[in-house]
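The values are calculated or read from the model by the stated rules, or taken from the named source; none is laboratory data. As the structure is a prediction and not an experimental result, all values here were calculated from the model. Heads up, the Cβs are rebuilt from the backbone with ideal geometry, glycines too, and the neighbour counts pull from every protein chain shown. All accessible areas refer to the heavy atoms of the entire protein, side chains included, with ligands and DNA or RNA removed. Shrake-Rupley method; radii C 1.70, N 1.55, O 1.52, S 1.80 Å.
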Amino acid sequence: MQDNIINELYQVIGKENVLTDKEDLICYSYDATSYSHLPEVVVVPSSAEEISLVLKVANKHRMPVVARGGGTNLCGASVPIKGGIVLAMHRLNKIIEIDGDNLVATVEAGVNTEKFQQAVEAKGLFYPPDPQSAKMSTMGGNVAQNAGGPRGFKYGVTRDFVLGMKVVLADGTILDIGGKTIKNVTGYDLTKFFTGSEGTLGVIIAITFRLLPLPEAKKTMLAVFGDLMDGARTISSIVKNKIIPVTLEMMDQETMGLIEKSKPVGLPTDAAAAILIEVDGSEHEVERQMKKIEKVARAEGATDVVVARTEEEAAKLWEGRKAAFGCMALSAVTPITEDATVPRSKLPEMVKFIKDVAKKYSLSIPVLGHTGDGNLHPIICTDENNLEEMERVEKAIDEIFKETLRLGGTLSGEHGIGLAKQKYMELEVGQDGLNLMRQLKKAVDPNNILNPGKIFLQETEQINEKA
Amino acid sequence: MKKLESYHDEIKHCIRCGACQAVCPVFEVMEREMAVARGRLRLIREALEGKLDLTDKMRDYIDLCVGCRLCVDNCPAKVNTDQIVISARHKFVDVKGLPFLHRIMLEQILSKKGNFNMALKSLGLARGTRLNKLLPEQLKKKEEILPTIPQRTFVDKMKEMTLDTGAPKKVGFFLSCMDNFMFPEVVEAAIKVLQKNDWDVVIPTDVNCCGAPHHVYGDWETAAKLAKKNIEAFQDAEVDYIITDCATCGSVLKEYGEMLSGDAMEQKGKEFAAKIMDINAFLIDVVKMKPGQNKVSQTVTYHDPCHLVRHQMVSEQPREILQAVDGLEFRECSDADRCCGGAGTYNINHYDVSMKILDKKIENVKDTTADILATSCPACRIQLSYGMRRAGLNDMVVHPVELLARSYED
Ligand SMILES: Cc1cc2nc3c(=O)[nH]c(=O)nc-3n(C[C@H](O)[C@H](O)[C@H](O)COP(=O)(O)OP(=O)(O)OC[C@H]3O[C@@H](n4cnc5c(N)ncnc54)[C@H](O)[C@@H]3O)c2cc1C
Ligand code: SF4
Ligand code: SF4
């Protein structure tokens, strides 16, 4: 990078917050995928004003800028594929306000997701979105990726809780959008526009979220199946019976085996599948739902339905579930998590399809997912160094996506597009949809400096796929 | 010990999930990617793949790891970052030698008992004559970390003790440098407790430093030399167990087999390592100790040394000891097993980071409102005592066996 740009950055944010040594750059070159690319500089800001000044410098010099929270996304979204500046957001870590009277809270973008959840729960309040990476992701990253999680089935995803935010635009403008009210129809819904934009439209500084009262009671149960399809049918059946538990997380035998190998929590590894179910509400409501669920599950062929007796027992099962993706790492160098999501009624069909594809290409593809939403996470356990296998992986992914779309589903339920799923974008949104997105991006960020090369490319743009 | 190259595959199993960010104490206070396992592993991987030279900056980042193993416990892929970091330091020593200050500390002071003694004596003298007040500000703070140095070492005191009481059983005791020079009262308490439970204690005084500082800073050659001397020191002890009250010593003594791998003494190292036991574990699991009748009417909480809870998997036994003492009320501390930031000389080499980690620990200790803080490692004890003094609290840090000893009549 040219020295004059570095000098300008020194001036606006202080030398100690501008990192240029190769050792530093390496540490901000990756996320939780296997993509990587060195930035030219890492900047560690602490306020909207500083970020605004940094963006002004970047915009003047047409330097790419990639905001980075926990670097835990699963689609290459925070990899600075075109070099430029990485904005490390960790220092913006204040919970600004938890307003119990209005059931809202405002946090800075770098606040850790789990810390935020704990802080609101300590006040008897509830922020439901629960990406399984909550311990290490940031609220800004959650909003930028529109993260979901198991509880999405009952409560929705991050987007459903965002009321307002402070963003810095590509030219350095600091903008407050949305507000503190649940109802707000003043103009276009800009908060939703920025939510899920993967850092391509603006840098999120702070977010105001809607909260709920903490439910009075909750219980966790595990329904166990001798046949994977029985499990898949149970999910569809619970929904058909108009029961809305908080979560319906299915894990197949392979998944449970891998979890137990690395983090034993007592999952039934001899069963073909199990569904981890959480219900919440009033004590009475919880009891009623559990009985109904058990009945449905048994009718669909559940061999066993066990209820966690204590909070610790429940927490342990959830620890296992949270560790699932990581546990794949014990058996595979490159676990690729897919995120195909289908209408709930198509779930059994999709599960079967994935298992068939795995067989066809001789791949190990444990299946788990937030199945209540029809959101599946088949995890392809592979090794990026095995080029022959990677070719089969590519083909399998192609088939899975095409089938997802054929069933009326979507490429990504919650992990986003980033670099990983770009080539399928047109398949889902069509040429016209893509063009509209390109125009919107151009209007907000005419110089294409904000996380360029992500989600889709501008007409003349190219990226180095192998990077 | 394993060379860095042999960890290449294990490093590749880091899937960059970031889970270590949630637990790494250094990351918690520095909030930068190079301060967490994921970043360290990436730097090492790039170096192994020839994409990064072994630079001083990389060495600094590698040095920032306190070796607490919190990340390993939490890592889905079970990547042994602490061990990989040690091997990386060894690689640096191999290629670039020891940095000057480490060389003085490891080769001149810690390996030679006389010099260590002299260094501490000079410190005592400097303090006595208030010469320490003349130190530059940054050094003055570091000097304050060290506790009051007692007039007489344990070895001095031992000359007046009867260790052979003709008890039916006997156990070897590895005397750590820190106990000898700074906390002789812990060894005295250990002897008392064991004798009250009908065990005699054999304490060879020609032992050397256990080699932990040399080992973790990559000076494996000196560490192996020290290991051999220590094995020889116990040659004639005729004991089945060798215990220590120092968690750091214990964790490294248990590695002597591997530290001497390929050496003529490898087998002896393995046999020696198999005898090593932490004193808390020994008292509960082997001695099945009985506390005395005296009441100790105080409240106590406990800090788990990383080298005990995660390196040796001992966490229940010290608590059992504390709970067994009549009158003593045990209060669990939140995050009791989180690192205190002491880590041997980490608090001297990385004072600011170490103090931030320490302050979090002390906050949790304070919340328990316990009168006494017990811990099972002299290195933690030095750090925690300093933390208590910094926070204006009563400096009441002891080893669990000291409280147990108080329960017996003299
Ligand atoms: C083990 C594991 C489990 C996971 N489970 C789930 C799950 O259950 N549900 C789910 O949805 N996801 C899950 N994820 C994916 C990931 O955790 C989420 O995408 C999360 O929201 C990313 O947050 P982050 O802070 O790590 O963001 P990063 O990865 O750092 O960044 C993600 C994107 O957001 C942008 N960004 C970050 N901060 C800002 C900001 N302040 N302003 C503008 N843009 C910004 C970045 O540029 C990038 O495009 C999981 C990941 C892992 C490793
Ligand atoms: S927890 Fe383990 S696998 Fe995950 S990033 Fe850290 S070291 Fe890598
Ligand atoms: S051993 Fe401790 S300090 Fe080192 S990387 Fe792991 S958690 Fe961090």
(request) From largest accessible area down, sort B:Asp9, A:Asp21; use a 1.4 Å probe on the protein chains. (result) B:Asp9, A:Asp21
(request) Could you compute the FRET efficiency for A:Glu283 and A:Asn241, with r as their C-beta to C-beta distance and R0 at 30 Å, rounded to 0.05? (result) 0.90
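Per residue, how large is the accessible surface of chain B? Use a 1.4 angstrom probe and give square angstrom.
Numbers: 16710 Å² over 410 residues.
Accessible area per residue, chain B: 41 Å².
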(message) Skipping prolines and chain starts, which residues have an amide H placed within reach, meaning under 5 Å, of the one on A:Gly226, given they are 5 or more residues away or on another chain?
(response) A:Ala272, A:Thr303
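Evaluate the charge dipole of chain A about its Cα centre and quote only its size in Debye, nearest 20, assuming +1 on the Cβ of each Lys and Arg and -1 on the Cβ of each Asp and Glu.
Numbers: 53 positive and 64 negative charges, 179 e Å.
The dipole magnitude comes to about 860 debye.
As an exercise, identify the trypsin sites (Lys or Arg not before Pro) in region A:241-331 lying in DSSP coil whose Cβ has no more than 12 other Cβ atoms within 10 Å.
A:Lys242, A:Arg309
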(message) Placing +1 on the Cβ of each Lys and Arg and -1 on the Cβ of each Asp and Glu in chain B, which of B:Asn394, B:Gly211, B:Val66 has its Cα farthest towards the positive end of the resulting dipole?
(response) B:Val66
(request) State, in angstrom, two size descriptors of region B:296-345 derived from its alpha carbons: Rg to one decimal place and Dmax to the nearest whole number. (result) 12.0, 36
(request) Run the quick spin-label model on B:Asp326 and B:Asp56: label points 7 Å from Cα toward the beta carbon, then report their separation in nm to one decimal. (result) 6.3
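Roughly how much accessible area, to the nearest 100 Å², goes out of reach of solvent when B and A pair up, both sides summed, probe 1.4 Å? If you can, show how the numbers build up before the last one.
Details: alone 18140 and 19880 Å², together 35200 Å².
Separately minus together, B and A give about 2800 Å² buried.
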(message) Below 24 Å, Cα to Cα, which lysines can B:Lys196 reach? Residues fewer than 8 away in the same chain don't count.
(response) B:Lys157, B:Lys159, B:Lys169, B:Lys170, B:Lys275, B:Lys288, B:Lys290, B:Lys295
(message) Multiplying the sequence separation of A:Val185 and A:Leu427 by 0.36 nm and subtracting their Cα-Cα distance, what value in nm do you get?
(response) 83.9 nm
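List the chymotrypsin sites (Phe, Trp or Tyr not before Pro) within region A:313-368 that DSSP assigns to loop and that have no more than 13 neighbouring Cβ atoms inside 10 Å. Mind showing how you got there, number by number?
Working: sites: A:Trp318, A:Phe325, A:Phe353, A:Tyr361; in loops: A:Tyr361.
Of the chymotrypsin sites (Phe, Trp or Tyr not before Pro), not one in the loops of region A:313-368 has a Cβ with at most 13 other Cβ atoms within 10 Å.
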(request) Would you mind giving the average projected area, over all directions, of the Cα convex hull of the protein assembly as shown in nm² with one decimal? (result) 39.4
(message) Give the separation of the Cα centroids, region A:79-113 to region A:119-176, in Å.
(response) 9
(request) Could I have the simple spin-label model distance between B:Asp335 and A:Lys261, label points 7 Å from Cα toward Cβ, reported in nm to one decimal? (result) 3.4
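Estimate the FRET efficiency between A:Phe193 and A:Asn4 by the formula 1/(1 + (r/R0)^6), using the beta-carbon distance for r and 22 Å for R0, to the nearest 0.05. Kindly include the intermediate steps, with their values, before the conclusion.
On the way: r = 34 Å, r/R0 = 1.56.
Once rounded, the FRET efficiency stands at 0.05.
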(message) Give me the dipole magnitude in Debye, nearest 20, for the protein assembly as shown about the Cα centre, with unit charges on the beta carbon: positive for Lys and Arg, negative for Asp and Glu.
(response) 900
(request) Determine ³J(HN,Hα), in whole Hz, for all residues of region A:11-23 in sequence, where each value follows from phi through the Karplus function 6.51 cos²θ - 1.76 cosθ + 1.60 and θ = phi - 60°; x replaces Gly and Pro. (result) 5, 7, 9, x, 4, 5, 9, 10, 10, 10, 6, 4, 4
(request) Can you work out the PRE-style zone for A:Lys292? Point 7 Å along Cα to Cβ, and I want the residues of region A:150-172 with backbone N under 17 Å. (result) A:153-155
(request) Give the long-range amide H neighbours of A:Gly84: residues separated by 5 or more places, or on another chain, with amide H under 5 Å away, using H modelled in the peptide plane at 1.01 Å from N. (result) A:Glu40, A:Val41
(request) State the answer as a single residue: which of B:Thr345, B:Gly262, B:Ala167 lies farthest towards the positive end of the charge dipole of chain B, with beta carbon charges of +1 for Lys and Arg and -1 for Asp and Glu, about the Cα centre. (result) B:Thr345
(request) Please say if region B:268-353 is rounded, prolate or oblate, where rounded means a/c under 1.5 for a ≥ b ≥ c the square roots of the C-alpha gyration tensor eigenvalues, and otherwise the choice is prolate for a/b larger than b/c and oblate otherwise? (result) oblate
(request) Please give, to one decimal in nm, the separation of the simple spin-label points placed at B:Ala167 and A:Glu49, each 7 Å out from Cα toward the Cβ. (result) 6.7
(request) Can you figure out the FRET efficiency of A:Leu405 with B:His8, using R₀ = 56 Å and their beta-carbon distance, to the nearest 0.05? (result) 0.90
(message) Beyond a 28 Å Cα-Cα separation, which of these cross-linked pairs lie in this structure: A:Lys219/A:Lys242; B:Lys57/B:Lys112; A:Lys123/A:Lys454; A:Lys154/A:Lys395; A:Lys60/A:Lys183; A:Lys218/A:Lys402?
(response) B:Lys57/B:Lys112; A:Lys123/A:Lys454; A:Lys154/A:Lys395; A:Lys60/A:Lys183; A:Lys218/A:Lys402
(message) Please list 3J(HN,Hα) in residue order for region A:317-333, calculated via the Karplus relation 6.51 cos²θ - 1.76 cosθ + 1.60 where θ = phi - 60°; whole Hz, with x for glycine and proline.
(response) 4, 5, 4, x, 4, 4, 7, 3, 4, x, 4, 4, 5, 5, 9, 9, 6
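Remind me, relative contact order of chain A in percent, using alpha carbon pairs under 8 angstrom and six or more residues apart? Intermediate values should be presented prior to the final figure.
On the way: 1005 pairs, mean separation 72.8, N = 467.
Contact order relative to length: 16 percent.
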(message) Are there any GluC sites (Glu not before Pro) in region B:138-236 that are in a DSSP loop and have at most 11 other Cβ atoms within 10 Å? List them by number.
(response) B:Glu160
(message) Counting only protein heavy atoms and a 1.4 Å probe, tell me what percentage of chain A's accessible area is made up of carbon and sulfur.
(response) 51
(message) Going Cα to Cα from B:Lys78, which lysines come in below 23 Å? Please leave out same-chain ones fewer than 8 positions away.
(response) A:Lys135, A:Lys261, A:Lys263, A:Lys316, A:Lys322, B:Lys2, B:Lys3, B:Lys12, B:Lys91, B:Lys254
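A:Gly202: net charge of surrounding residues, Cβ under 13 Å, Lys/Arg +1, Asp/Glu -1, itself excluded?
Values: positive: A:Lys166, A:Lys441; negative: A:Asp171, A:Asp176, A:Glu198, A:Asp445.
Residues close to A:Gly202 contribute a combined charge of -2.
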(request) Mind listing the long-range amide H neighbours of A:Ala77? Cut-off is under 5 Å, sequence gap 5 or more, other chains count too, H placed in the peptide plane at 1.01 Å from N. (result) A:Leu419
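Answer rounded, prolate or oblate for region B:291-406, using the Cα gyration tensor with square roots of eigenvalues a ≥ b ≥ c: rounded when a/c is under 1.5, else prolate when a/b is larger than b/c, else oblate.
On the way: a/c = 2.09, a/b = 1.57, b/c = 1.33.
Verdict is prolate for region B:291-406.
Dividing the Cα convex hull volume of region A:150-303 by residue count, how many Å³ per residue is that? Write down the numbers at each step before the final one.
Values: hull volume 25.2 nm³, N = 154.
Dividing the Cα hull volume of region A:150-303 by its residues yields 164 Å³.
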(request) For chain A, report the translational diffusion coefficient in µm²/s to the nearest whole number, using Stokes-Einstein at 20 °C, 1.002 mPa s, and a Kirkwood Rh over Cα pairs. (result) 93
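If the convex hull of the alpha-carbon atoms of region A:1-93 is projected onto planes in all directions, what is the mean projected area in square nanometres? Each step should come with its number before you reach the end.
Numbers: hull surface 21.9 nm².
Across all orientations, region A:1-93 yields a mean hull projection of 5.5 nm².
Can you tell me the equivalent ellipsoid semi-axes for region B:172-317? Use √(5λ) from the Cα gyration tensor, largest first, whole Å.
On the way: eigenvalues 148, 56, 38 Å².
Semi-axes, largest first: 27, 17, 14 Å.
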(message) Apply the Karplus curve 6.51 cos²θ - 1.76 cosθ + 1.60, θ = phi - 60°, to the phi angles in region A:179-194 and return the couplings in whole Hz, x for Gly and Pro.
(response) x, 9, 9, 5, 8, 6, 10, 7, x, 4, 8, 5, 4, 5, 4, 7
(request) With a 1.4 Å probe and every protein chain left in place, work out the accessible area per residue of region A:135-261 in Å², rounded to a whole number. (result) 37
(request) Between the chain alone and the structure with every protein chain in place, find the residues of region A:335-358 that drop at least 50 Å² of accessible area; heavy atoms, 1.4 Å probe. (result) none
